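Before any comments, here is the structure.
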């Protein structure tokens, strides 16, 4: 089973709270004094931007990360769908099945880590789907070799499939990890863009593919 791990950077807490705070308060039946005060400020001043700005600057980092993690978790299905759509566009027979958000400390700083669990991988099918993309990229570097391979029909696929069959499971796993790693930028972009649609502005970096 493969996992993709990445860290969430540059969270725009003000942007996040500006959108979500009024909605959280509207749907929250808790009548605590703190929530009552925030409601009063929002209603009396009609300035949710001001309230969100004060909260974003005044809340402890760990609490802000916890709020962000919970909001991201509410949109995990949409984030997974966005990722899988990006994967299909790159002709990969890989699917994201689960997503988790964890609070953690890295380098002495409170951070959020996103963990994605991939489906079981059909190695031969993955390679077969990637051959056209590989030939297209090869053509940009050496059109003669690409033309020869293209003229060979299904032989290149059969050659690579035969080579896969003699690899150990560990070697196959290493190959898949490297293939997925080449799409780090696409993964980062897909996650960030999907979160932005949920009014959660973040950057995704330090992507790592692991076999567990």
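Rule-based calculations on the coordinates, nothing more; no lab input. Just so it is clear, the structure is predicted and the values come from calculations on it, not from any experiment. Quick reminder, even Gly has a Cβ in these numbers, built from the backbone with ideal geometry, and neighbours come from all protein chains shown.
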Review point. Roughly what would the spin-label model give for residue 14 and residue 208, points 7 Å off Cα along C-beta, in nm?
Key: 3.3
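What is region 153-212's relative contact order, in percent, from Cα pairs under 8 angstrom and six or more apart in sequence? Walk me through the numbers on the way to the answer.
On the way: 23 pairs, mean separation 18.9, N = 60.
It comes to 31 percent, rounded to a whole number.
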**Study point:** Separation in nanometres of the label points that stand 7 Å from Cα toward Cβ, at residue 110 and residue 122
**Key:** 4.6
Point to revise | Average projected area [Cα convex hull, region 173-212], square nanometres | key: 3.1
**Study point:** Burial ranking of peptide ranges 174-180, 152-158 (average Cβ count within 10 Å, highest at the top)
**Key:** 174-180, 152-158
**Study point:** FRET efficiency, residue 88 to residue 172 (Cβ-Cβ, R0 22 Å, nearest 0.05)
**Key:** 0.50
